[in-house]
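All remarks here apply to the structure that follows.
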Amino acid sequence: MIQLEYFTSSDFDQLITWIDSPHLLMNWAGPMFNFPLNRDKLDWYLQDSNELGQSEVFTFRAVDTDTGTVVGHISLGSISEKNSAARVSRVFIAPEARGRGFARRMLVEALRFGFEQLHLHRITLGVYDFNTAAISAYTRAGMQREGLFRDVLKYNDEYWSLLEMSMLQPEWQALHQNKVECLAL
């Protein structure tokens, strides 16, 4: 099981250690940060976040409840009250925790927060099309593919394309209503 807890300054050093190359930083955050990641940049990242009813962004660390270990990071931002929408971003799995299903579980918990706590209608995310492990995890969590934005980012001498995915509240409800009914049988 995964539990999301608010990401705080006490988590900075761990995330900085995880993001150990310019390529990894670009894959994690796009052009939002430049390498190397540091505490000042993360202080800015946390400003005005994690306040229910006020913030447009929530940042989380993901804790494996079996071991108590922090296994990842995920953000839910670009929250639009008018459109009842938000965007998942900056998903990262600790190097030692990869390949164990944490990405899907982290996303499910972020979606749960968005749909059940914030009462959103639509949640989106973008993932670079070469990140097939993430795409597989997001698809297993119920995200729907919407389209591909070709060559949206130039990194060194190559262009990266972005796969856009989303989930709507009725899809979330149907997916999780069925699970509740199956558990009751």
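Every number in this text was worked out from the coordinates using simple rules, so none of it is lab data. As the structure is a prediction and not an experimental result, all values here were calculated from the model. Using ideal geometry, Cβ is built from the backbone for each residue, glycine included, and neighbour counts are taken over all protein chains shown.
Things to note:
- The chain, dipole about Cα centre (Lys/Arg Cβ +1, Asp/Glu Cβ -1), debye to the nearest 20: 420 debye
- Debye intensity ratio in log₁₀ form over the Cα atoms of the range 83-172, taken at each q of 0.15, 0.18, 0.20 Å⁻¹: -0.59, -0.81, -0.96
- Length added when fully stretched, R98-M1, from 0.36 nm per residue minus Cα-Cα: 33.4 nm
- DSSP bridge orientation in the chain - percent antiparallel, rounded to nearest 5: 90 percent
- Here the range 1-65 is assigned +1 on the Cβ of each Lys and Arg and -1 on the Cβ of each Asp and Glu. Its dipole about the Cα centre then comes out at about 160 debye.
- Theoretical ellipticity at 222 nm over the chain - DSSP helices of four or more residues, -39500 (n - 2.57) apiece, nearest 500: -9500 deg cm²/dmol
- Stokes-Einstein translational diffusion, the range 49-100 - Kirkwood Rh over all Cα pairs, 0.890 mPa s, 25 °C, in µm²/s: 200 µm²/s
- Were the residues from R39 through S84 laid out at 0.36 nm apart, the gain over their Cα-Cα distance would be 13.0 nm.
- Here the spin labels are modelled as points 7 Å beyond Cα on the Cα-Cβ line, and at F149 and H119 they lie 3.0 nm apart.
- When the chain is reduced to its Cα atoms, the Kirkwood hydrodynamic radius in Å: 17.1 Å
- Around the amide H of V71, modelled in the peptide plane, lie the amide H atoms of A62, V63, D64, all under 5 Å away and 5 or more residues distant in sequence or on another chain.
- The chain - percent relative contact order, Cα under 8 Å, separation 6 or more: 16 percent
- Within the chain, the longest segment free of exposed loop sites, counting GluC sites (Glu not before Pro) that fall outside DSSP classes H, G, I, E and B and have at most 12 other Cβ atoms within 10 Å, spans 82-185.
- Note that the range 12-26 has calculated 3J(HN,Hα) couplings of 4, 4, 5, 5, 4, 5, 5, 8, 9, 8, x, 4, 5, 4, 5 Hz, one per residue in order, obtained from phi through the Karplus relation 6.51 cos²θ - 1.76 cosθ + 1.60 (θ = phi - 60°); glycine and proline are x.
- Local electrostatic count at A133 - Lys and Arg +1, Asp and Glu -1, tallied over other residues with Cβ under 13 Å: +3
- Restriction of the trypsin sites (Lys or Arg not before Pro) in the range 121-175 to DSSP coil positions whose beta-carbon has at most 13 other beta-carbons within 10 angstrom yields no sites.
- For Q144, the residues 5 or more places off, or on other chains, whose built amide H falls under 5 Å of its own are S166, M167.
- Positive minus negative residues near R100 (Lys, Arg vs Asp, Glu; Cβ under 12 Å): 0
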